[in-house]
Structure formats: structure tokens, C-alpha cells
Amino acid sequence: MSKIKDYSLADHGRSSYFWAKSHMKILEHSISELARKKPLQGYTIASSLQLTKETSVLLMGIKSLGANVIASGGNPLTTQDDVAAFLHSEGITVYAWSDQSKTEYDWCQNMALSHKPDIIIDDGGDLNAKAHFGRFSKLHILGATEETTTGITRYLAMQKKGKLRYPIIAVNNARTKMMFDNRYGTGQSTVDALLRSAGVLLASKKVVVCGYGWLGKGVAQRCAGMGAKILVTEVDPIKALEAHMDGFEVLTMKKASKLGDIFITCTGMSDVIRKEHMLQMKNGAILANVGHFDVEIDTRFLLGKKTRQARPNLDECTLGGRKLYLVAKGRVANLVAAEGHPPEVMALSFSNQIRCILHLVKNGKKMRSLVHGVRQEIDNAVALDALKSMGVKIDTLSKRQIQYAKSW
Ligand code: ADE
């Protein structure tokens, strides 16, 4: 039996599902081709994904392939309650609701694991981490897939210590995932979150983008497109050089903190914007995080100051006569203050997810308990499907060219 916030929201969630589905044609295409064969019959699949309209398309798809699907959220704040109600009404067991405490979030994940899943789909690594400790460490799990960079970082640390007990496919690292979802998805949904929460003009503002991975690149590009001046902070010299050559000003956090009007952390690292930086910021500066965990901005310091809610998802914190504004309490702003990535990019990510789950079903028993990359043929197939759905045709190499590439 599910536990969700409001069962009466199912019809609203259904409309959101159909809207998302109509923009996720490539996903639908790969599912409908397989649905007759029910390749996931007999498998229980537990997910810890952001429960959005896009995720409902993935989970309904997995169900149509025969799986018993159990859904928990990917974050205590990001569940869309109408989506949870819709999935429940369709026979998916859901343990998730918006605005959860950490204890409630943990309870939901424990409930998901109590269904003894064969496969886990994770976003951030919380469910897989739980499946490695205490009573859940005895569960027989065929394998897992991971949606985000943070999860993979955690599994690599586990792998290094020899602790991984089943194979995990790093869906995040597929090129058709990170180059699109992480860049264009985060880029657009971050602008969306800034507009919904703060609703200020971006043109002419100095936007400090902390981290120039795919997320940071997307955020920088999209904010620049809105007329903002982009400042970038980085610790990786190659990414810093790239940002510099992309035409952005690269500088230290110490310097940037005095200059920025808006700060966006996109690093996956903790302690990026600290007390000493906030003490230097201009009156009225806005801070947001789009990394997976709320560890990038020292929110304990900021929210420990005199605070009031200025607008939905925007806290005004008073610091020695100046006011700083924090979006979504430093949680992943594009999902909390907006709706997450748009369906077209999530279709690419979730197409990878489905193909990798099918790969696990076929090959999981033979795979070593390591973090595995997405196979090149899966990545290519997703891109070709996407191009086809967009009506884009590309060239292929001639025999002569293939021969040329082989010769030295
Ligand atoms: N992560 C970011 N955006 C998302 C979305 N729309 N659905 C699921 N996970 C997401």
C-alpha cells in the first residue's frame, strides 16, 4: 500500500503524465516496441528518482514492460504530489510526498527496499547506499542504474574500498545523458527556478556560476542568453581554461563574492559558498544551488540569521544590515522552485535508463560488482532515435572512409 500526500490529485497527475509523454516520443517508441514481450515480467524494480511528470513516463513505461514498480522520491522536497497520486492510481506502489523530513524520506526508502527489489534505479545514491548496510545488505540485488554524478561519486568511493556488492550502470555518464540533461536541462530549469522564485531581470546582472562541469556550462550559457554577465569559479584547471576561452570571466570565489548579483552552485562539492564569502556579498544578492545535495552553500550559517520568507521558495536573510536571498533553502533549486528538466531532455536520460535496465536483466548475473559505463551502442542508439524523432538526417561513412580510418 502506498503512502502519499493526497490521493485526490490523481487526475491532475494524469494530465501532467500525458503532457510529458507527448514530448517524450523517443522513450515511448522504445517502450512500445518491447511492450508485447514483457521483458521485465517477474522483476521488482525500486526507484529513488525525483517524482516528476517525466519520471511518471519512465515508471509507467517500466510497468508496461511487465515489472512490479515501487517508487520512492529522490529528495525530501522534490516530489510532485499529483504525480505520486497518479502513479498510485495506476497500480504503482509509491512512498513519497513533498516537504518531507529526513526521517520521513528515510522511511520511504526503507519501505521501497522492503519489497526486495531485483533492480534499483537511483538518483543520488541514497537507495543503493541503504542496500549496502544493516538488514538490507542481505537483499539479493541483480544490479542498479544511477541517474546523477553525485551517486556515481559515492559508488566509486565504495568500489575503491571493495564494498560494492552488485553492478551499477552509470547512466549519468552516457554522452546522451550528461551532454543534454545536465547541460540543457539544468540550464533551462535553473533560469526557470530563478524567475519563479525571485522573478528578477537577468539582463545585465552578474551571475556567478560555481563549477564549470556540464551543469555549470548549461547554466552559464542560458543565463548569458538572457543577457547576464557570467563569472565562473572552478578548481579544475582544464574546466577553468575552458570557461575562460568560452568568453567568461574566471576568478576566485573570494573575488567573485564581492561582485555577483546572483550566485549558482553547480559543483557536487561541499562548502563552496561559505560564511566568509557571504559576509562580502552585496546587499540583495541571490544564492541558489542546483547540485544534488544541499551542501554547497553554508545554509546553516545563512538561515541561522534573522530570516523571513520574502516569496515562495525565497528566504530573506539579514546579515549585518544587508539582505541576502536564498532560493529553496539551498536544496536543488531547479526541482524545488521549478519543475525540473523539461521532458525532451529527460526522454534521452530515461531512454538510457530503460536500455540499461534491460541490459542488466540480460547480463546482470555475469557483470562484476563495479561501476559500469553505458555501452557505446546504447548511447549511439539513443542519439539516433532522438535525431530520427526530430527529423534530422545525418551522413554515414563510406566503405572507403572506413578503410581510411583503419589504415596508418
Ligand atoms: N532531474 C532533473 N529534472 C528532472 C525531471 N524533470 N525528472 C526527473 N529527474 C529530474
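The peptide list 48-56, 17-25, put in order of mean Cβ contacts within 10 Å with the highest first, becomes 48-56, 17-25. Using just the helices of the chain, give the 222 nm mean residue ellipticity in deg cm²/dmol: DSSP H runs with n ≥ 4 each add -39,500 (n - 2.57), and the total is spread over all residues, rounded to 500. Computed ellipticity for the chain at 222 nm equals -12000 deg cm²/dmol. What the Cα atoms of the range 144-263 give is an Rg and a Dmax of 16.4, 51 Å. Could you give log10 I(q)/I(0) at q = 0.19, 0.25, 0.30 Å⁻¹ for the range 38-86, computed by the Debye formula over C-alpha point scatterers of equal weight, without solvent? Log10 of I(q)/I(0), two decimals: -0.57, -0.88, -1.11. Using every pair of distinct Cα positions in the chain, the Kirkwood expression returns a hydrodynamic radius of 22.0 angstrom. A straight chain from LYS254 to LEU358 at 0.36 nm per residue would run longer than the Cα-Cα distance by 32.7 nm.
One way to sum up the overall shape of the range 83-204 is the equivalent ellipsoid from its Cα gyration tensor, whose semi-axes run 30, 21, 14 Å, largest first. The distance from the alpha carbon centre of the range 152-169 to that of the range 228-257 is 32 Å, rounded to a whole number. Beta bridges per DSSP, both residues in the chain: antiparallel share near 20 percent. If you wrap the range 1-144 in the convex hull of its Cα atoms and look at it from every side, the mean projected area works out to 8.1 nm².
Compared with the dominant Cα axis of the chain, that is its longest principal axis, helix 214-225 is turned about 50°. Going from the residue with the fewest nearby Cβ atoms within 10 Å to the one with the most, THR149, THR233 rank THR149, THR233. Taken over the range 186-336, the alpha-carbon convex hull comes to 89 cubic angstrom per residue. Using C-alpha pairs under 8 Å with a sequence gap of at least 6, the mean separation divided by the residue count of the chain gives a relative contact order of 16 percent. Only one residue of ASN334, MET278, THR186 has its Cα farthest out toward the positive end of the dipole of the range 186-336, where Lys and Arg carry +1 and Asp and Glu -1 on Cβ, and that residue is MET278. Residues considered: VAL191, VAL219, VAL94. Largest GNM mean-square fluctuation over the chain, using C-alpha springs under 10 Å, is found at VAL191. Measuring spread by the Cα atoms of the range 169-233 yields a radius of gyration and Dmax of 12.4, 42 Å.
Highest mean first, the peptides 226-232, 194-200 sorted by other C-beta atoms within 10 Å per residue fall in the order 226-232, 194-200.
Compared with the dominant principal axis of the Cα atoms in the chain, helix 343-363 is inclined by about 40°. Only Lys, Arg, Asp and Glu carry charge here, each on its Cβ (+1 for the first two, -1 for the last two); on that basis the chain has a dipole of about 860 debye about its Cα centre.
No value in this document is a laboratory result; all are computed from the given coordinates. All values reported here derive from a predicted model rather than from experimental measurement. Note that we place each Cβ from the backbone using ideal geometry, even for glycine, and neighbour counts take in every protein chain shown.
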